[in-house]
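Student: This is the structure, below, for whatever I ask next.
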Amino acid sequence: MAPENYLLALGTRIMTFAIAAAALDLIVGYGALVSFGHAAFIGLGAYAVGILASHGIGELLIALPIALAASVLFALATGAVSLRTRGVYFIMITLAFGQMIFFTASSLAPYGGDDGLTIASRNTLFGLPIFKDPRTLYYIVLAALAGTFFLCRSIVGSRFGRVLRGAKENATRMATLGFEIYRFQLVAYAISGALCGLAGFLLANANDFVSPAYMSWQRSGELIIMVLLGGIGTLYGPIIGAAVYLLIAEFLSQWTEYWQVIFGPFLVLVVLFGRGGLVGLFAQLTGKRHG
């Protein structure tokens, strides 16, 4: 791969996972809902592309709505159950639903099973191969990331976002004020799932491949690490966290297959000394410098 194409592919991958991390932070950072199964939504978005392509359907205006709809419907169905619980029970139920989708994808023999599914042709828009050129794909994903960021910022700053944050601080008080917290959280969960489905849609087109590994619990764990690393509830944090995590992984994996052993202490140091992740650490250093 040419150096330019390599950098474009890496940048595209970083931005794709930044979309998913920002989506997860919407419920983790502003709703205190720690989901350990969000990779399932990435997988659903990706498999929508792969399965449709295997049947000769490559039109973006068909594939994207189906990818988003699959993610939203699964989020509504699983969120309706998961959001009846709190704390570790919520974490475990989301993990269980995520693994359910993972094993379902692994058992789909007509679509590759454990081996995954190669996508013969990327999605097109009215027959135009808009995802074929790496540079064009890069800018499309960049636009999707920008749209995700501004959507999340708009949600957080809205009345909806204020209710969500209020429920995070004191759900009982918000309920006493007349807000149906469950519905607000379910809508936030569905929006988060849809954005992860968008990330999966883009990932499938970027990789020409879909795999059950996209929706494994390890992938969900990586998303949580990205959010923690960048800074929970900071909007910019998940994007920065995704970039730093994937860049470190890309660099260290060229030296050793046990790169996580090196990355682990780095993450611990950031969490311990940078209250609020890298964004919080930067704010602390800036404050000391100007204080």
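Student: Of these, Ile42, Ile66, Ile62, Ile57, which one is within 19 Å of Lys132 (Cα to Cα) and modelled with pLDDT of 95 or more? Step through it out loud before you land on a result.
Tutor: Details: Ile42 fails: within 19 Å of Lys132 (Cα to Cα); Ile66 fails: within 19 Å of Lys132 (Cα to Cα); Ile57 fails: modelled with pLDDT of 95 or more.
Sole residue among the options that is within 19 Å of Lys132 (Cα to Cα) and modelled with pLDDT of 95 or more: Ile62.
Student: Still on this structure, please answer the following. Looking at Phe90, Phe160, Phe74, which one is under 30 Å from Gly31 (Cβ atoms) and either among the polar types (S, T, N, Q) or out of contact with any Leu (no Cβ under 9 Å at 6 or more places or on another chain) (or both)?
Tutor: Details: Phe90 fails: either among the polar types (S, T, N, Q) or out of contact with any Leu (no Cβ under 9 Å at 6 or more places or on another chain) (or both); Phe74 fails: either among the polar types (S, T, N, Q) or out of contact with any Leu (no Cβ under 9 Å at 6 or more places or on another chain) (or both).
Answer to the selection: Phe160.
Student: Then there's this: Criterion first (of a type in the set (S, T, N, Q) and within 20 Å of the chain's Cα centre (by Cα)) does Thr94 satisfy it? I'd like the intermediate steps shown before the answer.
Tutor: Numbers: of a type in the set (S, T, N, Q): yes; within 20 Å of the chain's Cα centre (by Cα): yes.
So Thr94 passes the test.
Student: Can you tell me which residue within segment 105-133, out of those that are crowded, with 18+ Cβ neighbours inside 10 Å and in contact with an Asp or Glu (Cβ under 8 Å, 6 or more places away or on another chain), is farthest from Ile66 (Cα to Cα)? It would help to see each step written out before you state the result.
Tutor: Kept after step one, since they are crowded, with 18+ Cβ neighbours inside 10 Å, are these residues of segment 105-133: 105-106, 112, 116-117, 119, 122-123, 131.
Applying the additional criterion that residues be in contact with an Asp or Glu (Cβ under 8 Å, 6 or more places away or on another chain) yields 106, 119, 122-123.
Values: Ser106: 20, Ile119: 17, Arg122: 15, Asn123: 13 Å.
Across segment 105-133, the extreme among qualifying residues is Ser106.
Student: What number of residues in segment 237-266 are closer than 23 Å to Cys152 by Cβ and buried (at least 16 other Cβ atoms within 10 Å of the Cβ)? Write out each step before concluding.
Tutor: In the first step, residues of segment 237-266 are kept if they are closer than 23 Å to Cys152 by Cβ; the result is 237-247.
With buried (at least 16 other Cβ atoms within 10 Å of the Cβ) added as a condition, the list becomes 237-246.
Final tally of qualifying residues: 10.
Student: Does Ser158 meet the test of being buried (at least 16 other Cβ atoms within 10 Å of the Cβ) and either among the small types (Gly, Ala, Ser) or on the phi > 0 side of the Ramachandran plot (or both)? Please lay out each step first, then the result.
Tutor: Numbers: buried (at least 16 other Cβ atoms within 10 Å of the Cβ): no; either among the small types (Gly, Ala, Ser) or on the phi > 0 side of the Ramachandran plot (or both): yes.
No: the conditions fail for Ser158.
Student: Here's something else I'd like to know. Is it the case that segment 109-127 has a residue that's under 26 Å from Pro238 (Cα atoms) and out of contact with any Lys or Arg (no Cβ under 6 Å at 6 or more places or on another chain)? Break it down stepwise before answering.
Tutor: Step one: filter segment 109-127 for residues under 26 Å from Pro238 (Cα atoms), giving none.
Among the residues of segment 109-127, not one is under 26 Å from Pro238 (Cα atoms) and out of contact with any Lys or Arg (no Cβ under 6 Å at 6 or more places or on another chain), which makes the answer no.
Student: Among all residue pairs at least 6 apart or on different chains, which show Cβ distances below 9 Å where the first residue, located in segment 1-23, is under 18 Å from Gly230 (Cα atoms) and the second is not in a helix (DSSP H, G or I)?
Tutor: Listed pairs, sorted by first residue: Ala20/His38; Ala22/Leu235; Ala23/His38.
Student: What are the residues in segment 105-118 that are under 22 Å from the mean Cα position of the chain (by Cα) and in a loop (DSSP other than H, G, I, E, B), if any?
Tutor: Gly116
Student: How many of the residues in segment 106-118 are hydrophobic (A, V, I, L, M, F, W, C) and touching a Ser or Thr at 6+ places or on another chain (Cβ under 8 Å)?
Tutor: Residues of segment 106-118 hydrophobic (A, V, I, L, M, F, W, C): 108-109, 117.
Among the residues that remain, those that are also touching a Ser or Thr at 6+ places or on another chain (Cβ under 8 Å) are: 117.
The number of residues fulfilling the criteria is 1.
Student: Of all the residues that make up segment 58-88, how many are in contact with a Gly (Cβ under 7 Å, 6 or more places away or on another chain) and among the aliphatic types (A, V, I, L, M)?
Tutor: Within segment 58-88, the subset in contact with a Gly (Cβ under 7 Å, 6 or more places away or on another chain) is 67-68, 70-72, 74-75.
Add one more test, that the residue is among the aliphatic types (A, V, I, L, M), and what stays is 67-68, 70, 72, 75.
Of the residues in that region, 5 qualify.
Student: Which of the numbered conditions does Tyr182 fail, given that it passes all the others? Conditions: (1) surrounded by 14 or more Cβ atoms within 10 Å (Cβ to Cβ); (2) closer than 24 Å to Ala18 by Cα.
Tutor: Condition not satisfied by Tyr182: (2).
Student: Considering only residues that are surrounded by fewer than 16 Cβ atoms within 10 Å (Cβ to Cβ), in contact (Cβ under 8 Å) with a residue 12 or more places away in the chain and either of a type outside the set (D, E, K, R) or closer than 15 Å to Val49 by Cα (or both), which ones fall in segment 134-150? Working first, answer last.
Tutor: Of the residues in segment 134-150, the ones surrounded by fewer than 16 Cβ atoms within 10 Å (Cβ to Cβ) are 135-136, 139, 142-143, 146-147, 150.
Add one more test, that the residue is in contact (Cβ under 8 Å) with a residue 12 or more places away in the chain, and what stays is 135, 142.
Listed by number, the list holds a single entry, Leu142.
Student: Also: Please verify whether Ser106 is in contact with a helix residue (DSSP H, G or I) (Cβ under 7 Å, 6 or more places away or on another chain), of a type in the set (Ser, Thr, Tyr) and over 18 Å from Ala167 (Cβ atoms), treating the condition exactly as stated.
Tutor: yes
Student: Let me ask another. How many of the residues in segment 124-154 are assigned to a loop (DSSP other than H, G, I, E, B) and closer than 19 Å to Phe209 by Cβ? Steps first, please.
Tutor: Within segment 124-154, the subset assigned to a loop (DSSP other than H, G, I, E, B) is 126-127, 129-133.
Among the residues that remain, those that are also closer than 19 Å to Phe209 by Cβ are: 129-133.
Residues meeting the conditions: 5.
Student: Name the pairs whose Cβ atoms lie under 9 Å apart, with the first residue in segment 201-215 and on the phi > 0 side of the Ramachandran plot, the second among the charged types (D, E, K, R), and 6 or more positions between them or separate chains?
Tutor: Asp208/Arg122
Student: Scan (1) more than 19 Å from Ala20 (Cβ to Cβ); (2) assigned to a helix (DSSP H, G or I) for the single condition Ser121 breaks and write down its number.
Tutor: Only one criterion is unmet by Ser121, namely (2).
Student: Keeping to segment 63-78, report how many residues are closer than 10 Å to Gly197 by Cβ and either touching an Asp or Glu at 6+ places or on another chain (Cβ under 9 Å) or among the small types (Gly, Ala, Ser) (or both).
Tutor: 5
The values are calculated or read from the model by the stated rules, or taken from the named source; none is laboratory data. Bear in mind the structure is a predicted one, so any value in this text is a computation, not a measurement. Positions of Cβ are backbone-derived with ideal geometry, glycine not excepted, and every protein chain shown enters the neighbour counts.
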